[in-house]
Amino acid sequence: MIIKRKMALATSALLTVGTLTLAGCGSQEGGANAAATPALPKVRIFEVAAKPVSLYTQLPGRTSPYLIAEVRPQVNGIIKARQFQEGGDVKAGTSLYQIDASTYQAEYASAKAMLEKAEANRTSAKIRNDRFQELAKLNAVSQQERDDAFAALKQAEADVASAKAAVQSAQINLSYTKVTAPISGRIGRSSITPGALVQQGQANAMATIQQLDPIYVDLTQSTSELLQLKRDLESGVLKSAGKDAAKVTLKLEDGSSYAQEGKLQFSDVTVDQNTGTVTLRAVFPNPKLQLLPGMYVRASLEEGVRENGILVPQKGIMRDATGAPSAFVIGQNNKVEKRSVETARAIGDQWLIAEGLQAGDRLIVEGIQKVRAGQEVEVLSDSENK
């Protein structure tokens, strides 16, 4: 009986061990199956689209006067009076200085007297010539006498013409004693004072007048940028903004925007050998005289329109150790593809793509760090479209 009981207990123990072993195996298989199906990485995308993109170039520049005139004397003399307020606005023709005119007044009076004398001589010569012409018809005077009378008349007429020219010259010199403004604008400081001697053609200007409304802005652009722009326009990559659409906006030295919009006037045809740049000139209205000559500004110039431009968020573009850009896009079956791209320029917080992406691509912009090429991902519903 004892032997049978021991055999029953052993059999029961074996059955218990087998049951535990099977249970353990089932638990391990279930854990393996659970580990074989991990959750898919979640990403957000940007749906790439093509649209017209206006391209702008940022260029440095300086302001310069629209017109500038240096006031210099046309005759010699002593300054009797200055007739303007330094730093004020003057109109063209306004009297600025008065030079002592007494000498020139006397020269003018003398020239007029010489003219009257020449006119009197001409009258006498004309009467004598007319008389001799009549007498010659009656053979009362010789042919020589008639010719001499005619020549005397012509000499008298020439003297009158010379005297008239002398009067005109004296009158011009007299008018030059009043120094007037050649243009309208703002006049600077005076370099002379009453009592000073001035001379015709002197090197130092008496004052300088600058017209500031409108005002020029001279910009500089590198020849490499200019050549690339021409190539893009010729190939059709860029559509010209048109002559009337070449508008320019300004930012001032303190970072503020200038309220008035200007227009591009011309591009210089000469390249600066020292800097490799060309000069572009724009003209701006300046009614409040906010822009002064010599100010440093930054201009934004519309250079053209890329008809099928592709703009994508900058956070969707990666760069490797060499700086080469690339991007992750989602292909078929929500699997990740890595693309090499080429960026043309940054526009705000976006990249303008030259190559590598096209309309309809789904660009990963969030969750890039969690994915790799060939991996299947889960796309979140709130995709980003800017």
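Entry remark, the range 85-143: residues being within 30 Å of Ile183 (Cα to Cα) and in contact with a Leu (Cβ under 8 Å, 6 or more places away or on another chain) number 6 in total. Arg306 falls short of the stated requirement of being open to solvent by 60 Å² or more (accessible area, probe 1.4 Å) and of a type in the set (Lys, Arg). In the range 153-170, of all residues being over 60 Å from the mean Cα position of the chain (by Cα) and crowded, with 18+ Cβ neighbours inside 10 Å, the one that is nearest to Ser102 (Cα to Cα) corresponds to Ala156.
Conditions tested, residue by residue: (1) open to solvent by less than 30 Å² (accessible area, probe 1.4 Å); (2) of a type in the set (Asp, Glu); (3) in contact with a Gly (Cβ under 9 Å, 6 or more places away or on another chain); (4) modelled with pLDDT under 95.
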{"position": "Thr57", "(1), (2), (3), (4)": "yes, no, no, yes"}
{"position": "Ile79", "(1), (2), (3), (4)": "yes, no, yes, no"}
{"position": "Gln85", "(1), (2), (3), (4)": "no, no, no, yes"}
{"position": "Asp100", "(1), (2), (3), (4)": "no, yes, yes, no"}
{"position": "Ser110", "(1), (2), (3), (4)": "no, no, no, no"}
{"position": "Lys126", "(1), (2), (3), (4)": "no, no, no, yes"}
{"position": "Glu145", "(1), (2), (3), (4)": "no, yes, no, yes"}
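Quick one: is Asp268 charged (D, E, K, R), at pLDDT below 85 and surrounded by 14 or more Cβ atoms within 10 Å (Cβ to Cβ)? Outline the logic, then answer.
Working: charged (D, E, K, R): yes; at pLDDT below 85: yes; surrounded by 14 or more Cβ atoms within 10 Å (Cβ to Cβ): yes.
Here the answer is yes, as Asp268 does meet what is asked.
What residue, among those in the range 326-341 that are in contact (Cβ under 8 Å) with a residue 12 or more places away in the chain and open to solvent by less than 30 Å² (accessible area, probe 1.4 Å), is farthest from Gln265 (Cα to Cα)? Result: Val336. For the range 226-262, which positions are within 16 Å of Ser300 (Cβ to Cβ), at pLDDT below 85 and surrounded by 14 or more Cβ atoms within 10 Å (Cβ to Cβ)? Leu229, Ala241, Ala246, Lys247 - these are the residues of the range 226-262 that are within 16 Å of Ser300 (Cβ to Cβ), at pLDDT below 85 and surrounded by 14 or more Cβ atoms within 10 Å (Cβ to Cβ). Selection over the range 132-141 of residues that are within 21 Å of Ala156 (Cβ to Cβ) and free of Cβ contacts under 8 Å to residues at least 12 places away in the same chain gives a count of 4. Only one entry in Gly294, Gly323 is in a loop (DSSP other than H, G, I, E, B), open to solvent by 20 Å² or more (accessible area, probe 1.4 Å) and in contact (Cβ under 8 Å) with a residue 12 or more places away in the chain, namely Gly294.
Among the residues of the range 279-291, those that are open to solvent by 50 Å² or more (accessible area, probe 1.4 Å) and either touching a residue at least 12 places away in the same chain (Cβ under 8 Å) or outside any loop (DSSP other than H, G, I, E, B) (or both) comprise Arg281, Pro287, Gln290. Flag set for Val365, criterion: in contact with a helix residue (DSSP H, G or I) (Cβ under 8 Å, 6 or more places away or on another chain) and either modelled with pLDDT of 90 or more or surrounded by 14 or more Cβ atoms within 10 Å (Cβ to Cβ) (or both). Among residues of the range 109-121 that are of a type in the set (D, E, K, R), those with a beta-carbon under 7 Å from a residue that is surrounded by 13 or more Cβ atoms within 10 Å (Cβ to Cβ) at least six positions away or on a different chain give the pairs Lys112/Val167; Glu119/Val160.
Please go through the range 327-386 and give me each residue that is assigned to a strand (DSSP E or B), closer than 20 Å to Ala39 by Cβ and of a type outside the set (Val, Ile, Thr), ordered by number.
Phe328, Lys335, Glu366, Glu376, Glu378 - these are the residues of the range 327-386 that are assigned to a strand (DSSP E or B), closer than 20 Å to Ala39 by Cβ and of a type outside the set (Val, Ile, Thr).
Residue check: Gln105 meets all listed conditions (1) open to solvent by 70 Å² or more (accessible area, probe 1.4 Å); (2) outside any helix (DSSP H, G or I); (3) at pLDDT 95 or above but one, namely (2).
Scanning the range 171-223 for residues that are outside any strand (DSSP E or B), buried (at least 16 other Cβ atoms within 10 Å of the Cβ) and in contact with a Phe, Trp or Tyr (Cβ under 7 Å, 6 or more places away or on another chain) gives Asn173, Leu174, Thr177, Met206.
Determine whether the range 46-53 contains at least one residue that is closer than 30 Å to Ala205 by Cβ, touching a residue at least 60 places away in the same chain (Cβ under 8 Å) and open to solvent by 30 Å² or more (accessible area, probe 1.4 Å).
Applying the first criterion (closer than 30 Å to Ala205 by Cβ) to the range 46-53 yields none.
There is no residue in the range 46-53 that is closer than 30 Å to Ala205 by Cβ, touching a residue at least 60 places away in the same chain (Cβ under 8 Å) and open to solvent by 30 Å² or more (accessible area, probe 1.4 Å).
For the range 306-317, the criterion of a residue being outside any strand (DSSP E or B), free of Cβ contacts under 8 Å to residues at least 12 places away in the same chain and of a type in the set (Gly, Ala, Ser) is satisfied by no position.
The values are calculated or read from the model by the stated rules, or taken from the named source; none is laboratory data. Being a predicted model, the structure only gives us computed values, none of them experimental. A quick note on method: Cβ atoms are made from the backbone with ideal geometry, for glycine too, and the neighbour counts reach across all protein chains shown. Side chains included, ligands, DNA and RNA excluded: accessible areas come from the protein's heavy atoms. Shrake-Rupley method; radii C 1.70, N 1.55, O 1.52, S 1.80 Å.
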